[in-house]
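Down below is the structure, laid out as structure tokens.
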Amino acid sequence: MADIHLESLAHSYDPAAASPEYALKPLDMTWRNGETYALLGPSGCGKSTMLNIISGLIQPSHGRVLFDGDDVTGRGTAARNIAQVFQVPVIYRSMTVRQNLAFPLVCRRRKRAEIDRRVGDVAELLGLQHVLNRPAVALTADQKQLVSLGRGLVRDDVSALLLDEPLTVIDPQLKFELRRKLKAVNQAFNITMVLVTHDQNEALTFARSIIVMNHGEIVQQGDPQTLFDNPRTEHVGYFIGSPAMNFLPAAQTTDTLAVLDGQLQVPMTSAMRGGDDLKIAFRPEHVNLGGEGYRVSARVERVWFEGLDQVLELDSGGTRFRARLDDWRGTVGDDIELRVMDRHLRVFRDGALVET
Ligand SMILES: Nc1ncnc2c1ncn2[C@@H]1O[C@H](COP(=O)(O)OP(=O)(O)OP(=O)(O)O)[C@@H](O)[C@H]1O
């Protein structure tokens, strides 16, 4: 187990090109031992490239990978003691589940008693005891994925467990259960886990630290609450939260920024001045039917359920925004009055949060 440090790291799949494209733009970051991380971002933003550089499947075109200060950049996956689980389960088809789980320890010539003990522990943790003697090919897709995972966990020397969209093949109802098991594994073995996903719910329910990526860059890293309350860019505001944050183009006067025909205003600060693209933003969760905040009148244009809440798409003077409410009784076409909580208003200038 180790702290993993990426030092001045960048990666181009074609570094010799006249003007190379970078799948990962220059970055420095540390992955702390025992922490749970999620790499979250749209398709093609560089998540798998980052994961494969940590595991040693890809040599970075620039920079170094350090495990507890030791430079492992030139070493392969086996030498780094990394366990990696992919989207599609990898099982040894001719073996039983027990033999699959034992395989990494057999290869390392561990003693029979140790192998039996570790296989038993992992099978119990993952709920695979009752299928240990079955042929692995006879399992369901999600059980096979548990076997892939178990093979990574059976060793006591792994530096990190890297999970590249491993829940895609899993039945939606079992995803929750598997995430719970992964968390139990993290706690039982204090093993660093990095989950790659483009599903924000998966990221937010699994990891203590979320790394949001876009176009080969880390745009923000933080715990779920920080990303929800203070997204540093519009991209994070759109990507985290369902429905996405409301971003309303603001009109400027000398002293204020205003949206919704002046119903909602914030004082202009020096950091906001001079920007072409100024927006006032707020979460649909921070719009209520009563209580404190700016009074806003709007017409209900559309309504749909998300869980027990209703999401209202509203129009106020031609500007659309959304509210997430648990206590609304009405119909499409109603004119209603809402409150937007002032302490949750954020201002974005040219796509970036204005710090206040
Ligand atoms: N082997 C490769 N050769 C050339 N370009 C590649 C290769 N693998 C990935 N890329 C490019 O690098 C960029 C990042 O890809 P990567 O697979 O890391 O993204 P991702 O966020 O994991 O995407 P996805 O969620 O679709 O798996 C993309 O533009 C992709 O086309």
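Read-outs: derived from the displayed coordinates by stated rules, not from any lab. These numbers were taken from a predicted model, which means no experiment stands behind them. Cβ placement follows ideal geometry from the backbone for every residue including glycine, while neighbour counts extend to all protein chains displayed.
What to note about this one:
- The slack in the chain from Thr168 to Arg273, taken as 0.36 nm per residue of separation less the alpha-carbon distance, amounts to 33.3 nm.
- Once the Kirkwood radius over Cα pairs is known for the chain, the Stokes-Einstein relation at 10 °C and 1.306 mPa s delivers a diffusion coefficient of 69 µm²/s.
- For the pair Lys25 and Arg117, a Förster radius of 51 Å applied to the C-beta separation gives a FRET efficiency near 0.65, rounded to the nearest 0.05.
- Residue by residue, the stretch 214-226 carries 3J(HN,Hα) couplings of 7, 6, x, 10, 7, 8, 6, 10, x, 6, x, 5, 5 Hz when phi is fed to the Karplus relation 6.51 cos²θ - 1.76 cosθ + 1.60 (θ = phi - 60°); x denotes Gly or Pro.
- Result for the chain in a Gaussian network model with C-alpha springs under 10 Å: among His11, His62, His198, the largest mean-square fluctuation is at His62.
- Considering helices alone, the calculated mean residue ellipticity of the chain at 222 nm is -7500 deg cm²/dmol, with DSSP H runs of length four and up weighted by -39500 (n - 2.57) and normalised per residue.
- Gaussian network model of the chain, Cα within-10 Å springs - most flexible of Arg98, Arg108, Arg32: Arg108
- Value of relative contact order over the chain, rounded to a whole percent, pairs C-alpha under 8 Å and six or more apart: 16
- FRET efficiency, 1/(1 + (r/R0)^6) with R0 35 Å, evaluated for Glu306 and Glu337 via beta carbons: 0.95
- When the Cα positions of Leu51, Gly41, Ala113 are compared along the charge dipole of the chain, Ala113 comes out farthest toward the positive end, with charges on each C-beta of Lys, Arg, Asp and Glu.
- Gain upon complete extension [Asp223, Asp326; 0.36 nm per residue less C-alpha separation]: 34.5 nm
- Within a straight-line Cα-Cα reach of under 13 Å, Lys175 can be paired with the following aspartates and glutamates, leaving aside sequence neighbours fewer than 8 residues apart in one chain: Asp142, Glu165, Asp199, Glu202.
- Annotation note: GluC sites (Glu not before Pro) in the stretch 260-356 located in DSSP loop regions with a Cβ neighbour count of at most 13 within 10 Å are Glu292, Glu355.
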